[in-house]
Amino acid sequence: MKPFSIANHNIKIMFWIQFFGTINFMQPVLTLFYLNRGLTAVDILFLQLFWSGAVLVGEVPGGIIADRFGPKVSFFVGSVIKILSLGVLIFAYSPWLFFLSSALNGFSSTFFSGADEALVYESLKEEKKHHLMDRAMGNIQSAGFISMLIAVIFGAFVAKDLHPQQFTLLICLGLVFYLFECLLIFFIKSPTYVESFYENSFKQVRSGIKAIRKAPQLLFLFLNYTLVFIPADSVYEAFNQPLFKHAGLPVFLIGVVYAVAAIGGYFFSRNAAWLAMRFSRKKLMYFTGILTVLGLLLSAIFQQTLWLIIGAFFLLRFGQAMRYPIYSQLSNDLIPSSVRATTISLLSVLDSAADLIVFGILSIIAVKGLTDILLVSACVALVGMLFPIQRLRQNIIAVQEEQN
């Protein structure tokens, strides 16, 4: 890419937006924070249900705003709502305030979901570099691992005693970083497609649905990705801290484990495109799916064996770090430019529906204990990785653009 190209500029800005917008000093102690404030395992699962419900409501409007008014407007709205969601946690001592915070956070994510990938892909496409999408998204995603490396070490050290004042300090520090993210949004440069597309909102949605119907392999690819992602990320992230603690790992060392995972995640994320040049993207998707199933099974069966719990944690983190950039390249190759954000948001609606189904089932199973939660999660991931990923036709985008 040219040194001063719009793609190069936007990728750099998105890198720093990802850095400041994903930093979470509460991450190494978040579940312990929930338990400290009186939430139960069922309440923690309900947090995800509220998050997914808000995403279900907000995804399509968020995608329409991104396609109609551009990513800067969409990102700014999402950033403001995200700041509110974190601020609520300072005063949250009842489950309903936690549910409100989770819902606001989920709603805020809809203004980034789809818009970020659309911005990057269209920026690259203007320079005929869209085949580098996995490299670009891997680089942007890696910023999250850098911020995690900083946040988990600092967060685990500050909150090592699990005192209320320590939690409040970490929340306030997170708010400061989110404000920096909000400011960076104004430096984004809009690709040409953003300035030229002013279609009716309902027509955008219809066009997005049509794009999915014309490329059924996009739906199978999405299901392969999301049914592995939900257990590996949403479910496992909610319970890995109790797993570490029950296996005998001190709280302050949880931050160290997270930090090592962040370093590895950074490496795999930055090199996802390099791996895709040596192995087919299809094989890498299946391979990372197998890693996820294996990691969840190890966590369920060997809960008292610390080194296996830590090993399973690394399998899940590294697998997901590779998986997202590859999925982003494969999926965006199938979506027309004019409704890219809307189409991705429509897929995210399906993701939220899957979240609600999976977490609804797990909320019922939660009374039986963590082992059953992890075993069912492994089964969900297994089903997901079995969805076929078809060979992608090189001319499919051109055909879709003509038909739309």
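Just a few scattered comments:
- For L100, L374, order by how many other beta-carbon atoms lie within 10 Å, fewest first: L100, L374
- Helix content alone sets the calculated 222 nm mean residue ellipticity of the chain: runs of n ≥ 4 DSSP H residues at -39500 (n - 2.57) each, divided across all residues, give -26000 deg cm²/dmol.
- Karplus-based coupling profile of region 311-320, in residue order and whole Hz: x, 5, 4, 5, 4, 5, 5, 5, x, 5, with θ = phi - 60° in 6.51 cos²θ - 1.76 cosθ + 1.60 and x standing for Gly or Pro.
- In order through region 10-25: 3J(HN,Hα) via Karplus (6.51 cos²θ - 1.76 cosθ + 1.60), integer Hz, x for Gly, Pro: 5, 5, 5, 5, 5, 4, 6, 5, 5, 4, 6, x, 10, 5, 9, 5
- Partners for K368 among lysines (Cα-Cα distance below 28 Å; same-chain residues under 8 apart left out): K245
- Separation between Cα centres of region 17-69 and region 325-389, rounded to whole Å: 15 Å
- Cα-projected label distance for M277 with L308, points at 7 Å along beta-carbon direction, nm: 3.9 nm
- When the chain is treated as a Gaussian network with alpha carbon springs shorter than 10 Å, the biggest mean-square fluctuation among G106, G38, G58 belongs to G38.
- Vicinal HN-Hα couplings computed from phi for region 114-125 (Karplus, 6.51 cos²θ - 1.76 cosθ + 1.60; Hz; Gly/Pro x): x, 5, 5, 5, 4, 4, 5, 5, 5, 5, 5, 5
- Multiplying the residue separation of A353 and L97 by 0.36 nm and subtracting their alpha-carbon distance yields 89.9 nm.
- Computed from the C-beta positions of D161 and F287 and an R0 of 35 Å, the FRET efficiency is 0.30 to the nearest 0.05.
- Of all lysines in the structure, the ones whose alpha carbon falls short of 17 Å from that of K128, not counting any fewer than 8 places away in one chain, are K2.
- Choice from Q329, Q166, Q141 with maximal GNM fluctuation in the chain (Cα, 10 Å cutoff): Q166
Bear in mind these aren't lab numbers, they're just calculated from the coordinates by the rules spelled out. A quick note: this is a predicted structure, and the numbers were derived from the prediction, not measured. A quick note on method: Cβ atoms are made from the backbone with ideal geometry, for glycine too, and the neighbour counts reach across all protein chains shown.
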